[in-house]
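The values are calculated or read from the model by the stated rules, or taken from the named source; none is laboratory data. No experiment lies behind these values; they were computed from the predicted model shown. Neighbour counts are summed over all protein chains in view; Cβ atoms, including those assigned to glycine, are modelled from backbone coordinates with ideal geometry. What goes into the accessible areas is simple: the full protein's heavy atoms, side chains included, and nothing from ligands, DNA or RNA. Shrake-Rupley method; radii C 1.70, N 1.55, O 1.52, S 1.80 Å.
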Amino acid sequence: MSVKSIAVILEIVAAGFFVLPIFSNIINPGNIAGIIICGLLLAATIFHEKLIELIFGLWKYNSGKVLLLFVGAILTARVIYAFVLTFFMIKAQTDKPENPDAVIVLGCKVNGNTPSRMLKRRLDSAVIYLNENEDVVCIVSGGKGEDEKISEAQAMKEYLVDKGIDEGRILTEDKSVNTLENIKNSVALLGGNGSGEIAVVTDGFHQYRAGYIAESFGYDASAINAKADFYNVILMPTYYLREWMAITNAVSYTHLRAHETCADL
């Protein structure tokens, strides 16, 4: 089997990881970008002779050299950026709770009244931690989507109570629609004084962004990771690629927020 054939097979398999989530009604910037990237790589492999011919043709001209060097620098920078983000995303998953003021469970899709598979995994991890640390309060955070019968927070609270967690330990934040609002509204329930530690319960790939946002409000953030399963592993490429984009937006927002705060002073 030729190198070209092996490359084509690998690229088709990689594309499959981004296509498969669509059959579970998961369509987001992560798998859309992944499909586009795999498609471009596949085209470059299949038509590599013409691509090489084009590159050498451009290299004959100074303007072509500038263009090729510019494109090469952009692509290299993006690859390095992705590796750096992935390092921080993996590292954030290892920041275990020490003495949190509260556990915040970040919401995820609810199917009618029932937590989705991904949300159940987060809740099951929360149950384990809350049973082992009975003096810690829990905030369930998530609003109500158009296709959801109740808010994510309400569904999460009912699930935790069914699992034996004392209802008096659970605070609900049912207005948020994204991670930023999850954290912002949840810390407001704690008084929003910007001190102390919060343990965030979410999927591992999501921990860095959630922690970064929490720290922008002055809190130390630690991680309680949802248990991974085979289904979750299949979704990893989609969600990691989506997180790279979402983290960039979160960093941009926090810098803007800091600038506005300084301007107010």
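Key figures for this structure:
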{"read-out": "Within a Gaussian network of the chain (alpha carbon springs, distance under 10 Å), most fluctuating of GLU132, GLU148, GLU53", "value": "GLU53"}
{"read-out": "Accessible-area composition of the chain, carbon plus sulfur, in percent [1.4 Å probe]", "value": "63"}
{"read-out": "Net charge, ILE128 excluded, C-beta distance under 14 Å - Lys, Arg +1, Asp, Glu -1", "value": "+3"}
{"read-out": "Residue-normalised accessible area of the chain, expressed per residue, 1.4 Å probe, Å²", "value": "57"}
{"read-out": "Heavy atoms of ASP101: accessible area, 1.4 Å probe, square angstrom to 10", "value": "80"}
{"read-out": "Local electrostatic count, ARG242, Cβ distance below 13 Å [Lys/Arg +1, Asp/Glu -1]", "value": "-1"}
{"read-out": "Candidates ARG117, ARG242, ARG78: whichever shows maximal mean-square fluctuation once the chain is modelled as a Gaussian network with Cα springs under 10 Å", "value": "ARG78"}
{"read-out": "Rg in Å to one decimal, and Dmax rounded to a whole Å, for the range 15-166 via C-alpha atoms", "value": "23.5, 73"}
{"read-out": "Net charge contributed by nearby residues that have their C-beta within less than 13 Å of ASN25 (K/R +1, D/E -1)", "value": "+1"}
{"read-out": "Pair ALA7, GLU134: separation of 7 Å Cα→Cβ label points (nm)", "value": "6.2"}
{"read-out": "Dipole moment magnitude, nearest 20 debye, the range 93-139 about Cα centre, only Lys, Arg, Asp, Glu C-beta charged", "value": "520"}
{"read-out": "Eligible lysines near LYS175 by straight Cα distance, threshold 27 Å, same-chain separation 8 or greater", "value": "LYS109, LYS120, LYS144, LYS149, LYS157, LYS163, LYS184, LYS227"}
{"read-out": "Choice from CYS138, CYS38, CYS108 showing the highest fluctuation, given a GNM over the chain with Cα pairs closer than 10 Å", "value": "CYS38"}
{"read-out": "Rel. contact order, % - alpha carbon contacts under 8 angstrom, at least six apart, the range 1-135", "value": "13"}
{"read-out": "The range 1-48-the range 119-166 distance, computed between alpha-carbon centres (Å)", "value": "36"}
{"read-out": "Difference of contour (0.36 nm per residue) and Cα-Cα distance, ARG78 to SER252", "value": "61.0 nm"}
{"read-out": "Residue-span extension gain [SER63 to ILE27] - 0.36 nm each, minus C-alpha spacing", "value": "9.0 nm"}
{"read-out": "Cα-centre dipole for the range 40-171 with unit charges at Cβ (Lys and Arg positive, Asp and Glu negative), debye to 20", "value": "840"}
{"read-out": "Gain upon complete extension [ILE90, HIS48; 0.36 nm per residue less C-alpha separation]", "value": "11.7 nm"}
{"read-out": "Candidate residues MET245, MET236, MET89, MET1: accessible-area rank, largest first, probe 1.4 Å", "value": "MET1, MET245, MET236, MET89"}
